[in-house]
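What follows is one structure encoded as structure tokens, with my remarks underneath.
The values are calculated or read from the model by the stated rules, or taken from the named source; none is laboratory data. None of the values given here were measured: they were computed from a predicted structure. Every residue, glycine among them, receives a Cβ derived from its backbone with ideal geometry; neighbour counts consider all protein chains shown.
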Amino acid sequence: MIGRLALRSLTAHPVRSAVLAAGFGVGVAVMAILLGVAQVVLEQSRAPALVGGGDVLIRLAPEVPARLVLAGALQSDAFRPGIATAAPTHTARLYLRHNGRSTRIAARGGIPSLERVLGDDEVAEIPNWNDSPNDIAWTQDTPEKVLRYIDRFHAIPDAPTWGASWAEWLYFNGRASGARFYLTFLVGPSMPDGRRRAGVRLQLDRGGQVETFTASQPVRDTDAQEAPDLAIGESFVRLDGMTYRVHLDLRDEKGRRARGDLTIEASPGRLVPPLEISGALGWRSGYVVPVMSGRLDGSLDVGDERVSFAGGTGYHDHNWGFWQGVSWQWGQVQQGDLSLLYGRVFPPSEAADADRVPGFVGVLGPDGPLGYATDVTIEETNDARGAPQMITVRARGSDLNVQIRFDVEAAVTTRGTGSPSAAASGPLGSGLDFLQLRGTYTVTGHAGARALKFSAPGSAETFRGSPEPR
């Protein structure tokens, strides 16, 4: 019925119907043309040539430190020659006041010397526009400075609800010649005298036998803020250029001594920039990986035996935040020039909804990231005793599709804590058992254009107890 009425209405006034149809057609065509032109104009407005030249224009949110981009993966051997003249810029809205009137204008600032190298016409004719001290800091920044910046310790936030559980630690692990170690330098919350609880914990795994060595000694907050240069008792970490130098002097429960020196080499293209999540009442948790995979060297003397790590592979990450009621799942593996990392944090329910905090998987190659994803599932399969037997991770992103299986071979359990250095520093966490796992990863899929198919030894962390990990 409706179709018949429409047909009769159109045929009753054929001229008017034809004009109306033509008008609609012209309108649609004009709109399509305008949208096409707008897209071209938008793309041209973002052209690198309009902001000083170059081949690639990278836009960052204001809260992202651009120097991390310039001195991170882009400083790898594959990219460094092409960004020798990288010129960061900043745009803002300013107001010009004249004769009592205000006029809003758009302003752009950059580093004069770098703009000139890129051939920016706006700068070429202004010889008096020179680099400021802050500009010079940008132009002379090095990967070493960035490494020290991302591995610094943080001031304890003012969050009374969580304040007693603040902790920050430098974590290292490595393997060579059948031996592995797990090492943590941890600084906890403040004590009544103003100093902060601190401890070192080394777990040495040889032939499936795990030995634990510890030391604890309070540190001043001013000393903690010098991290990654950090000394606790007779043990210390020093960052020398791109090399982490670790000296250990620890003892086990029987008084047996573990002493020695280790080094781990960092590289600009093999780091994961800082990540931080926040929640209600000032809750925070942060994570950065300064060394996804680096050359390991050195040795440890345990009693009368020497354990060599020469020619091995090392890893280093750094955690900070409030750990009351917090648990996590985490794992990492290296194979050749590939490094893979996965993780997920479960905050306390008072701070955030754990179901809304995604997991992540990242894969790095020899010159930087190959792919990452936050569409991640992490499933743990237990044995008859309730201990983790297998972990399955699936991740899918625009440039990553990977399946990961971790078969557990050994586990070290720290009872009733939420901190991997609790034996040295006291319980800081949720009361769950903290498990450090050793085993074999089997990885298949692809990252970018690179196919992934390998098996390699690696490590993982998780929790058990009541309440159960979510």
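Six or more apart or on different chains, Cβ atoms under 9 Å: show the pairs whose first residue is in region 299-321 and surrounded by fewer than 20 Cβ atoms within 10 Å (Cβ to Cβ) and outside any strand (DSSP E or B) and whose second is modelled with pLDDT under 95 and among the polar types (S, T, N, Q).
A310/S177; G311/S177
Assuming E253 fulfils every condition listed in (1) in a strand (DSSP E or B); (2) farther than 30 Å from A354 by Cα; (3) of a type outside the set (A, V, I, L, M) apart from one, which condition is it?
(1)
Given (1) exposed (fewer than 10 other Cβ atoms within 10 Å of the Cβ); (2) charged (D, E, K, R); (3) at pLDDT below 75, where does E122 come up short, assuming only one miss?
E122 satisfies all of (1) exposed (fewer than 10 other Cβ atoms within 10 Å of the Cβ); (2) charged (D, E, K, R); (3) at pLDDT below 75 except (1).
Residues being farther than 21 Å from L341 by Cβ and either surrounded by 15 or more Cβ atoms within 10 Å (Cβ to Cβ) or touching a Lys or Arg at 6+ places or on another chain (Cβ under 6 Å) (or both): count how many of those fall in region 140-150. I'd like the intermediate steps shown before the answer.
So in region 140-150, the residues farther than 21 Å from L341 by Cβ come out as 140-142, 144-145, 148.
Then keep just the ones that are either surrounded by 15 or more Cβ atoms within 10 Å (Cβ to Cβ) or touching a Lys or Arg at 6+ places or on another chain (Cβ under 6 Å) (or both); that gives 141, 144, 148.
Residues in region 140-150 being farther than 21 Å from L341 by Cβ and either surrounded by 15 or more Cβ atoms within 10 Å (Cβ to Cβ) or touching a Lys or Arg at 6+ places or on another chain (Cβ under 6 Å) (or both): 3 in total.
Among (1) crowded, with 17+ Cβ neighbours inside 10 Å; (2) modelled with pLDDT of 85 or more, which single condition is G418 missing?
In the conditions (1) crowded, with 17+ Cβ neighbours inside 10 Å; (2) modelled with pLDDT of 85 or more, G418 misses (2) alone.
Within region 322-404, which strands (runs of 3 or more DSSP E) (wholly inside it) include 1 or more residues that are closer than 17 Å to S293 by Cα? Let's see the steps before the verdict.
On the way: elements: 327-335, 338-346, 360-365, 368-373, 375-382, 388-397.
It comes to 327-335, 338-346, 360-365, 368-373.
From the list R344, R295, which residue is out of contact with any helix residue (DSSP H, G or I) (no Cβ under 6 Å at 6 or more places or on another chain) and surrounded by fewer than 20 Cβ atoms within 10 Å (Cβ to Cβ)? Let's see the steps before the verdict.
On the way: R344 fails: surrounded by fewer than 20 Cβ atoms within 10 Å (Cβ to Cβ).
Checking each option against the conditions leaves just R295.
Being free of Cβ contacts under 8 Å to residues at least 40 places away in the same chain and not in a strand (DSSP E or B) is the filter; apply it to region 202-220 and report the residue that is nearest to V307 (Cα to Cα). Working first, answer last.
Quick first cut of region 202-220, residues free of Cβ contacts under 8 Å to residues at least 40 places away in the same chain only: 207, 209, 217-220.
With the extra rule that they be not in a strand (DSSP E or B), the set shrinks to 207, 217-218, 220.
Details: G207: 12, Q217: 26, P218: 29, R220: 33 Å.
This residue is G207.
For A198, are the conditions met, namely being touching a Pro at 6+ places or on another chain (Cβ under 8 Å), over 20 Å from T413 (Cα atoms) and assigned to a strand (DSSP E or B)? Step through it out loud before you land on a result.
Details: touching a Pro at 6+ places or on another chain (Cβ under 8 Å): yes; over 20 Å from T413 (Cα atoms): yes; assigned to a strand (DSSP E or B): yes.
Taking the combined requirement at face value, the residue satisfies it.
Which count do you get for residues in region 359-387 that are surrounded by 22 or more Cβ atoms within 10 Å (Cβ to Cβ), closer than 26 Å to L432 by Cβ and among the small types (G, A, S)?
Residues in region 359-387 being surrounded by 22 or more Cβ atoms within 10 Å (Cβ to Cβ), closer than 26 Å to L432 by Cβ and among the small types (G, A, S): 1 in total.
Is it true that some residue in region 314-331 is over 19 Å from L262 (Cβ atoms) and of a type in the set (D, E, K, R)?
Of region 314-331, the ones over 19 Å from L262 (Cβ atoms) are 319-331.
If we keep only those that are of a type in the set (D, E, K, R) as well, we get none.
No, region 314-331 has no match at all.
Name the pairs whose Cβ atoms lie under 9 Å apart, with the first residue in region 441-455 and at pLDDT below 95, the second of a type in the set (F, W, Y), and 6 or more positions between them or separate chains?
A447/Y372
Do we find that A92 is surrounded by fewer than 15 Cβ atoms within 10 Å (Cβ to Cβ), touching a strand residue (DSSP E or B) at 6+ places or on another chain (Cβ under 6 Å) and modelled with pLDDT of 75 or more in this structure? If you could, list the steps in order and put the result at the bottom.
Details: surrounded by fewer than 15 Cβ atoms within 10 Å (Cβ to Cβ): yes; touching a strand residue (DSSP E or B) at 6+ places or on another chain (Cβ under 6 Å): yes; modelled with pLDDT of 75 or more: yes.
It is true that A92 is surrounded by fewer than 15 Cβ atoms within 10 Å (Cβ to Cβ), touching a strand residue (DSSP E or B) at 6+ places or on another chain (Cβ under 6 Å) and modelled with pLDDT of 75 or more.
What number of residues within region 285-309 are out of contact with any His (no Cβ under 8 Å at 6 or more places or on another chain), farther than 12 Å from R175 by Cβ and hydrophobic (A, V, I, L, M, F, W, C)?
The total comes to 3.
Quick check on region 262-285: of everything there that is of a type in the set (D, E, K, R), farther than 16 Å from P228 by Cα and assigned to a strand (DSSP E or B), which residue is modelled with the highest pLDDT?
So in region 262-285, the residues of a type in the set (D, E, K, R) come out as 265, 270, 276, 284.
Narrowing the set further to residues that are farther than 16 Å from P228 by Cα leaves 270, 276, 284.
Now restrict to residues that are assigned to a strand (DSSP E or B): 276, 284.
On the way: E276: 91, R284: 94.
Ranking the qualifying residues of region 262-285, first place goes to R284.
So if I check each of F185, F172, F181, F153, which one is part of a loop (DSSP other than H, G, I, E, B), crowded, with 16+ Cβ neighbours inside 10 Å and not basic (K, R)?
F153
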